[in-house]
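Structure first, commentary second.
A short reminder: the numbers here are calculations on the coordinates, not readings from a lab. In this text, all values refer to a predicted model and were calculated from it rather than measured experimentally. Quick reminder, even Gly has a Cβ in these numbers, built from the backbone with ideal geometry, and neighbours come from all protein chains shown.
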Amino acid sequence: MQTVTLDEAQKHLPELVRKLSREGELLITDSNRPVARLIPAAPQPSIHPEVAAITGLVPSEGDAEEEHRRYLRDKHR
């Protein structure tokens with residue numbers, strides 16, 4: 001694991017972030033004490049086509065609440 005000082009990290013952050021995918025973790029120190037660790041982000045799972053196809057078909061919470069109010073109102077007429 002590569003170690004850099006806080007000052008170095010601030011000056012070279014874009015370069016260090018690019019290195020993360022190749023070199024893994026990065027330890028940041030301040031006055032020779034570890035203060036932070038940078039790690040590569042986990043890959044984001046892709047949405048399955050089936051899920052993407054139904055997106056928007058399920059009513060939002062607000063829509064469902066309004067629909068329920070109309071049902072209760074109409075039921076008592």
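At a glance:
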{"quantity": "For Thr5, distant residues with modelled amide H under 5 Å away", "calculated": "Thr29"}
{"quantity": "Burial ranking of peptide ranges 18-30, 41-53 (average Cβ count within 10 Å, highest at the top)", "calculated": "18-30, 41-53"}
{"quantity": "Cα-based shape type of the chain, given that a ≥ b ≥ c are square roots of the gyration tensor eigenvalues and the cut on a/c is 1.5", "calculated": "prolate"}
{"quantity": "Added length on full extension, which subtracts the Cα-Cα distance from 0.36 nm per residue, Leu27 to Thr3", "calculated": "8.2 nm"}
{"quantity": "Net lengthening on full extension, Asp63/Gln10 (0.36 nm per residue, minus Cα-Cα)", "calculated": "14.4 nm"}
{"quantity": "Nearest-ten-degree value, helix 61-75 long axis tilted from longest Cα axis of the chain", "calculated": "10 degrees"}
